[in-house]
Every structure is written in C-alpha cells, then in structure tokens.
1. When chain B is treated as a GNM, springs tying every alpha-carbon pair under 10 Å, which of B:67, B:370, B:103 comes out with the largest mean-square fluctuation?
2. What does the extension gain come out to for residue B:178 and residue B:136, with contour length at 0.36 nm per residue minus their alpha carbon separation?
3. Among A:65, A:18, A:4, whose Cα projects farthest towards the positive end of the dipole of chain A, with charges put on the beta-carbon of Lys, Arg (+1) and Asp, Glu (-1)?
4. Could you point to the residue in B:98, B:145, B:177 farthest towards the positive end of region B:56-181's charge dipole, with +1 and -1 charges on the Cβ of Lys/Arg and Asp/Glu respectively?
5. Percent antiparallel among DSSP beta bridges with both residues in region B:276-384, to the nearest 5?
6. Using a 10 angstrom cutoff on alpha carbons, build the Gaussian network for chain A and name the most mobile of A:42, A:85, A:26.
7. What is region B:134-270 by shape, rounded, prolate or oblate, if you read a ≥ b ≥ c off the alpha carbon gyration tensor as root eigenvalues and call it rounded for a/c under 1.5, prolate for a/b larger than b/c, and oblate otherwise?
8. In debye to the nearest 20, how big a dipole does chain B give about its Cα centre with +1 on each Lys and Arg Cβ and -1 on each Asp and Glu Cβ?
Amino acid sequence: MAQPATTAPLETYLTHLARGELAFQRTPDGTPVFFPRLVAPRSGETDLQWHVSAGLGTVYSATTIHPKGEPSYNVSLIDMDEGFRLMSRVEGVDPHAVRIGMRVQVRIASDKDGTPLPLFDAIPQQQASS
Amino acid sequence: MTAMKRGGAAVVGVAESDLGIVGPHMTPVDLMAQATVRALDECGLALGDIDAVFAASAQVRFGPMMLAEYLGLNPRFLDGTQIGGSSFMSHLAHAVAAIELGLCEVALIAYGSTQRSVSRSAASPTDINPYETPFRPMMPASAYALAAARHMYQFGTTREQLADVAVAARQWALLNPVAWEKEPLTREQVLSSRMVSDPLTVRDCCLVLDGGGAMIVTSAARARDCGKRPIHVLGTGEAIGHGSISNMSDLTTTAAAISGPRAFTAAGVGPGDVDVALLYDAFTITPILFLEDLGFCAKGEGGAFVQDGGIAPNGRLAVNTNGGGLSYCHPGMYGLLAMIECVRQLRGECGARQIGRHDIAVAHGNGGVLSSQCTAIFGTPATL
C-alpha cells in the first residue's frame, strides 16, 4: 500500500501524547508554534522542529461550563512556560476554583474513546512559589 | 494604489425576510429570495437589474449559486465569502470595489437561515478541531466566555456591566415592532438566569432564531434615480485575527482594532462623528470589546461605557437600536441585519426608536469566535 509522502503534524502530536508527552514545535529561530503545522506561520519555513514540553503552565483564561443535567466542568486556555498556548481542562479541583494566573501541570489522560488527552492539575501554591 | 472613491456606491434597498420562526419546510434560500424582492420593491429595481450576487448562509454551501438559480439571475460578478456573521460587511466591501471598477452595477447581498426551525445543531454543524473539541468547550459560547473572563480579570469589568448590555438591547427591542423579545428585562434577571459558560448566562447569549435579509447596492450615480434616499458607503475595513479561540493572541483585543481604523480612514470620519453604531452582539461581551477596539472608548473602559444605560435609549451612544442579536433577531450570522438597521436609521425610518441626528452610522460585524472583524461606515448624501 502506498504510504503518504508526508507525516501529518497531528499524527506526530498524537504519537507523542501516546508516549505521555505534550509536544509542540519551534521554528529555526526558536519561536514556539502550536497547533502543530507543516508550515510556520508568517515565515513560511517548513523545517519546524518538534520538542516535548516540560508540562508547566499558567491559566490564561477559564470558564465553567454548565451542561443541562450534567456536572459542570472547566475549560481553560493554558500558557505553557515554553511560550505556546493550548486549550485544555483543569481537573481535580472544583471548576469554579480554577483561576486565571493559577499554575498548572500537564497530565496525559485518556478520553472516553481511549484517545490520549493533555489535561492539567493545579500545582499547590507552596510548590508553585518554590 | 487607487483608493476607492468615498461614497461612490450607495445602498438603495434593504429588507428583512420573515423573522423568528418560519417553519421547518421554509428553506434559507426561500428567505433570501423573499427579502430580495422586498428590497427591490423599495428602490424600484427589478430582478433583471441585478448583475452581481453576494450570499452566505451556514446552511447553504454555495450561496450565490443557489440564489442565482432560485431567482433566475445571470450575474457577472459573484462572491460567496463565508467568514461567519461578518460575511455581509465583507460582501459590501467587495461589492463597492466591484461597482467602482465597473465589474458590476447593481449588487444583491442576501442571507437566510432557518436555524430555529431545523435546530441549531442541524443548521450549523460544529467544526471539529482536534486541539479544542476533545476538551468539550460549548462553542461558540465558551470562546466568548473565555474572552469575557479575561476582560474581567484584566480590567475589572463586572457581570453587572455585561448584564447592562443585555438590558440596553432589550430596551431598544421594545421600541422595534419586529423584535422577537416583547417583555422588559432587568439586570437582576440577567444575573439570576441560567449559567451557560461562566461568566455568561443564557441572557448574555444571543437569540437562536430564523431570519434573513437583502441589500441592494449600486453606484452613487444610479442611486439618485432609485426610490429611497441613497445611503452611501463611506468606508469599509476587513481583518482576520485567528480562526480558533486558542489561537487568539490577546483575548481582550479583537481584529476590530484593525478593521475599524481601516474603515474610519477610508470614510474620513472618526468615532466621535458616529450617530448610531450597530456592534455585533452575539454575546454581551462583544459590544464592550468593539466599543473599545473601534475607538469609542479606551481599552478596558468598555464596561464603564455600557454601565447604567450607557448604550440604552437616551444613553451616551445609540448602540444596536434594533434590539440586536440579543433581543431582536439572531439567525446565526447577523451582520446583514445590523447593516439594514444602519440604513433605516440614516433614512429616518425607525419610528419609536429613531435617533435624533442621523448622518453617520457604523455597522461592525464579527464572525467565528471573535475571529473575522469587518466594519462598514454609512453616510447620508449630506456627508459626502
């Protein structure tokens, strides 16, 4: 069977997730890129390099979603220390307790269908300040 | 580069289709066609005069094609730009340019949606984004909620100020006979209504209704012979900030900060010259963002601007005088209805909600999740 000429960026991303890693890209000058792409925005460079995040970030914004008849849950935008942003959920705390500016750490969990998913846990404050 | 001639094109006909609930067997193109003949009626033009078709609907993949088929048109210029609720300001910008270049003479811009009758999920299937969808954001509300939460964090904007946007929209809607909402709304009612995506309650979210509209645009020269007072397009501006909310670099500043100055520069006027502003109110946070980004107030001061009736009737600025997407009608892509209200206000046709001085109007459209931003500035013949 013929193989695709190019590996899809999403496939590489998911492969990293399956290994327990949150991956992102950098352009040759080090600029972080997320979501993963074949072509760097603005510069058009195609030699993007993959990196694995250390997994630490800060909540940039947060909302608590209230579905009818279901438990409420958090959805946040997380600014990673490496300089990229992604959407995720902060779990393990009451969704209303998730605050902008809160320090969080990634945990690769599984979605209902088994797909690996990067979720976040709040970092206890004394640990965050150390 | 040649700049477009200021006011070189004018709106000569506008109309809504039936609004509200049109029933499950009405199609979006039925509504486009219905609005088209109503818009033609008020300017004395006929279907045969139309030589350019601009159309978009979340339910119709090939808008201009389906509308041309329905109406039996043979347009020489077509544009089906689909960038959400701001599509129609974009259509207008392109129509003005095409008229100016002689590529067409009479442009039809049309919209139709039956999302209320067929259900919103059937009308606009959510795009799957592998970097967002698995986290189950309630789109589009959660995207706007994230922006609102950040605005509150950075500038101290309050839920009461958000609520006052909904209250003002309702006050205007009560003056508009075709507005969906007919009962007064208080700040307390907004604050105590069901939370959807914190900090936005169901009353911070736009209506989900059927509806459509049409606009006829032609050259300023030809507009003089049409039935109504021509309303000139003084300037337009388009900008795209991002596609998905996780790629919006600063959640408190939209690309309206780019489209607005483009439009104002082209029009040769500033925010202080504007008599009425139709600022896309998909959610209560959006008029606050657009007041700031378009320059009606400084960044971070939008909450104070709208507080305590700031944009209600007799407030500091007439905003969303039709009652907006929050209380008049929101069929999913509301931009054309906002422009129709601008034209009617400038003609002086708005009855109980008619503003006093009415020379210059702004319609600002928003598409996606604060993604596409398009601004159109209209003026009466006196402003040329």
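1. B:103
2. On the way: separation 42, 0.36 × 42 = 15.12 nm, distance 3.57 nm.
The residue B:178-residue B:136 span can extend by a further 11.6 nm.
3. It is A:65, whose Cα lies furthest towards the positive end.
4. With unit charges placed on the Cβ atoms, the residue in question is B:145.
5. Values: 8 of 14 bridges.
About 55 percent, rounded to the nearest 5.
6. It is A:42.
7. On the way: a/c = 2.17, a/b = 1.40, b/c = 1.55.
Judged from the Cα gyration tensor, region B:134-270 comes out oblate (a/c at least 1.5, b/c at or above a/b).
8. On the way: 26 positive and 34 negative charges, 34 e Å.
Magnitude of the dipole: close to 160 debye.
No lab work stands behind these numbers, since they all come straight from the coordinates. Quick caveat: nothing in here was measured; it's all calculated off a predicted structure. Glycine gets a Cβ as well: all are built from the backbone with ideal geometry, and neighbour counts include every protein chain shown.
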